[in-house]
Amino acid sequence: MRVLITGGAGFIGGHLADRFIREGFRVRILDSLEPRVHPHGRPNYLPAGAEFVEGDVTDRSVLLGALQGVDIVSHQAAYQDYMPDFSRFLQVNAVSTALLFELIIGHRLPVKKVIVASSQAVYGEGQYRCLDHGDFSAAAAFSRAIAARELGSFVSLMPRSGSGSGTRGAMA
């Protein structure tokens, strides 16, 4: 089976490439090699057995080409600059995910599985205060998200009441 790892030259993507190869998959990596992230170009830690495609996940033709002959997609690509470049952040982190599914469906590609990654940006990094339930940490939010998923819910549970929430809060 062939797997496409978008953002495959990144820290997590590179480790996934190693793992997939070790497990017998053929690996294709798609990465834009953003200069701020990869100032020296293609990293030397990428496995020699992986096919490498330099390109952007927001480029329809590049992404469609990278999807050819792929059974599984591990979508790790993310814009990780903390500058206020909001439109680029949304293009890479959200719109590219929509484009990925649009291409798979629109071109009837035989992709069997798509794994969409997330990051610490979902949970933040500090202490939070819910106006209804008080203070809680990012680690506690992550634990509640796992518990909610095991219950078949996609809403994080609040620590004291067990009710779903997530919108009435702020950094503490």
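The values are calculated or read from the model by the stated rules, or taken from the named source; none is laboratory data. Please read these numbers as outputs of a predicted model, since none were measured by experiment. No Cβ is skipped: glycine too gets one built from the backbone with ideal geometry, and neighbour counts run over all protein chains shown.
Apart from one condition, L30 fits all of (1) farther than 16 Å from V116 by Cα; (2) in contact with an Asp or Glu (Cβ under 9 Å, 6 or more places away or on another chain); the exception is (1). Looking only at residues in region 1-15 that are under 19 Å from the mean Cα position of the chain (by Cα) and at pLDDT 95 or above, the one that is farthest from K112 (Cα to Cα) is T6. In region 37-52 there is at least one residue matching the filter, namely being closer than 23 Å to L100 by Cα, at pLDDT 95 or above and crowded, with 16+ Cβ neighbours inside 10 Å.
Once region 58-91 is narrowed to residues that are of a type in the set (A, V, I, L, M) and farther than 24 Å from F20 by Cα, the residue that is surrounded by the fewest Cβ atoms within 10 Å (Cβ to Cβ) is M83. For region 117-134: of the residues being at pLDDT 70 or above and either assigned by TED's automatic domain parsing to the domain that holds I12 or part of a loop (DSSP other than H, G, I, E, B) (or both), which is nearest to R60 (Cα to Cα)? Filtering first and then ranking leaves A117.
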